[in-house]
Each structure stands twice: as structure tokens, then as C-alpha cells.
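Scroll down for the structure; my scribbles are underneath it.
The values are calculated or read from the model by the stated rules, or taken from the named source; none is laboratory data. What you see is a predicted model; the values in this text were computed from it and never measured. Positions of Cβ are generated from backbone atoms using ideal geometry, with glycine treated the same way; all protein chains shown enter the neighbour counts.
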Amino acid sequence: MVSKRNPHSLKVGWTARRTIEFAAVEAYPLEVGGIIIHDGDSLIGAASFTKYVARSGDSITAYAESSERAEEIFGDILFGKFHSHPGAPTSLSKDDFYAMEDDNIEWVVSVWPGKRKWCFRHRIYSKHEGKIRIVPTTWLSLTDQILQLAPRRT
């Protein structure tokens, strides 16, 4: 079971990763923010809820309000949040650090257009007792994700 408070490692489903990448491309050159959903064993889905201009006061307020609504709606299956860094590294900015609450998960995807296809870098962070750490991640293929979700025969 994934521990939201202080995960030692995470399994990330193909669907969640690709959904976040799509949202980042759709929003480019703006940032996009959203939520990450889990099934108890791995991160299986994501939903974007806002596009915004980085470091804009109104945008940050809109992101916070959308985030609160998502927490009310998704409740127990909500695992954390994600946002994109268009054309920038996956490291957390000072604003990201201060906006992240203790015992939260934040997935950052860096996105930029390449010569033939879009390029992505991913990093997942956790904040515990005011300290940020990078969460080791196992990226599941689509086949792995389907097998994990399939009913197990005994």
C-alpha cells in the first residue's frame, strides 16, 4: 500500500503518466495543474483542472481554489497534485516549495517541443516535516498496468 504521508517509493501507471504529459502539451506554453489518483498500490490516473501563468497572483489563487474543490470531490482516492514546468527544469521553485503542504505529494513534469516529438522529464516530490525529498519511482508500462489491475486468480 502506498503511504501518502511518507512514501518510500511509488509505482506510476502508464495512464497517469501519459494523461499528465497530454495535459502539459495542451497547456503549453502555460503551466497546467491537476490531481493524481491512486488505487492503493499505484498512481493510476490524473485529471488536470487549470491552466495558468506561472507566478501570477490570480493564477495561483485559481489553482488553490480548484485544488480545494478536487479534494472535496475525490477525497480518499486523491493522492497528490501535479503541475508542469514549460521549458524549465523539474526542480521545485521557491513558490512551489512554499505552496506545498506537509505530507503532500507533488509531481512536476517539464515539457518542451522537440524537433520531432514533445520531450518530458518527470520528478515526484514529497514534503514531510518541512523537508522535501525526491520519491523513487517505478514507471509501469501499459502492459504492467493492465496486469496489475486484472483480477488475480488463486
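Would you pick out the residues in the range 103-154 that are closer than 27 Å to Glu26 by Cα, in a strand (DSSP E or B) and of a type in the set (A, V, I, L, M, F, W, C)?
Within the range 103-154, Ile105, Trp107, Val108, Val109, Val111, Trp112, Trp118, Cys119, Phe120, Ile124, Ile134, Trp139 qualify.
Scan (1) closer than 21 Å to Ala16 by Cα; (2) part of a loop (DSSP other than H, G, I, E, B); (3) more than 16 Å from the chain's Cα centre (by Cα) for the single condition Arg69 breaks and write down its number.
Among (1) closer than 21 Å to Ala16 by Cα; (2) part of a loop (DSSP other than H, G, I, E, B); (3) more than 16 Å from the chain's Cα centre (by Cα), Arg69 violates only (2).
Of all residues in the range 10-41, which are in contact (Cβ under 8 Å) with a residue 40 or more places away in the chain and either among the small types (Gly, Ala, Ser) or in a helix (DSSP H, G or I) (or both)?
Gly13, Trp14, Thr15, Arg17, Ile20, Glu21, Ala23, Ala24, Val25, Ala27, Gly33, Gly34
Considering only the range 73-83, state which residues are out of contact with any Gly (no Cβ under 8 Å at 6 or more places or on another chain), at pLDDT 85 or above and not aliphatic (A, V, I, L, M).
Those that are out of contact with any Gly (no Cβ under 8 Å at 6 or more places or on another chain), at pLDDT 85 or above and not aliphatic (A, V, I, L, M): Phe79, Gly80.
Looking at the range 106-119, I want the residues that are free of Cβ contacts under 8 Å to residues at least 12 places away in the same chain and have a partner that is part of a strand (DSSP E or B) and surrounded by fewer than 18 Cβ atoms within 10 Å (Cβ to Cβ) with Cβ atoms under 9 Å, at least 6 apart or on another chain. Which pairs are those?
Once the first residue is free of Cβ contacts under 8 Å to residues at least 12 places away in the same chain and sits in the range 106-119, its partners that are part of a strand (DSSP E or B) and surrounded by fewer than 18 Cβ atoms within 10 Å (Cβ to Cβ) give Cys119/Trp112; Cys119/Pro113.
Which of the residues belonging to the range 96-126 are modelled with pLDDT of 90 or more and in contact with a helix residue (DSSP H, G or I) (Cβ under 8 Å, 6 or more places away or on another chain)?
Within the range 96-126, Glu106, Trp107, Val108, Val109, Val111, Trp118, Phe120, His122 meet the criteria.
Which members of the range 45-63 meet the condition of being modelled with pLDDT of 90 or more and either farther than 14 Å from Leu10 by Cβ or buried (at least 20 other Cβ atoms within 10 Å of the Cβ) (or both)?
Ala46
Kindly list the number of the only condition in (1) within 23 Å of Ser9 (Cα to Cα); (2) loosely packed, with under 12 Cβ neighbours inside 10 Å that fails for Lys115.
Against the list (1) within 23 Å of Ser9 (Cα to Cα); (2) loosely packed, with under 12 Cβ neighbours inside 10 Å, Lys115 comes up short only on (1).
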